[in-house]
Amino acid sequence: MSRRIALSVAAGVVILGGAGALALAHAGEQAPEPAHSSARYTAPDGDRDGSLAFVTDVTASSGVKSVKVLAWPQNSSFAEKGLTAKDMAAAESAVCKPSGQNTVRCTYTVKVTGADAESSPRGVWHVAVLATAKDGTTTLDTKAAGFTVR
């Protein structure tokens, strides 16, 4: 009977060890994770251009390959059908710089002219982020930050 118990315990250790190794391997493949995202919109004033500035921190265990950014109005087709990674393919890239182990701080700034502001819908806007890790995994956050155009 003690031999049977010893074999059961040994088998349990092997199974648990294998599960732990699988969990560690999976932890090494975590998708990129945007965090602490914020957007600041400044409207043009007279002859002075305005701007949209967006900042986010992205962490990925394999490293961050790219971060794409798209500002979109709440009252748009994206709100109805949902924004997809495919929609983000033509989005502009943020500039990312290392800010810690496996973490980058990404910034995106764009000038807003008076003509841009006049042709833009008024109201709530969202900033979508598509983060791609070096291992190819992606994360799409369609409402990473928001701002209001008045």
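Run the accessible area of the stretch 73-150 with a 1.4 Å probe and give the carbon-and-sulfur part as a rounded percent.
50
Over the heavy atoms of Leu83, what accessible area does a 1.4 Å probe trace out, to the nearest 10 Å²?
Leu83 has an accessible surface of roughly 20 Å² with all protein chains in place.
Enter the accessible area per residue of the stretch 27-125 (Å², integer; probe 1.4 Å; all protein chains in place).
59
Taking the full set of protein chains and a 1.4 angstrom probe, give the accessible area of Ser66 in square angstrom, rounded to the nearest 10.
40
Compute, for Lys81, the solvent-accessible surface of its heavy atoms (probe 1.4 Å) with the complete set of protein chains present, and express it in square angstrom to the nearest 10.
Approximately 130 Å² for this residue.
Could you sort Cys106, Cys96 by their accessible area in this structure, using a 1.4 Å probe and putting the largest first?
Solvent-accessible surface, decreasing: Cys96, Cys106.
For the stretch 101-150 and the stretch 53-81, what is the separation of their Cα centres, given in Å?
5
In percent, how large is the relative contact order of the stretch 41-150, given Cα pairs closer than 8 Å and 6 or more residues apart?
Values: 220 pairs, mean separation 39.5, N = 110.
Value for the stretch 41-150: 36 percent.
The values are calculated or read from the model by the stated rules, or taken from the named source; none is laboratory data. Just so you know, these numbers come straight off a predicted model, no measurement behind them. For the accessible areas, the whole protein counts, side chains as well, though only heavy atoms, and no ligand, DNA or RNA atoms are used. Shrake-Rupley method; radii C 1.70, N 1.55, O 1.52, S 1.80 Å.
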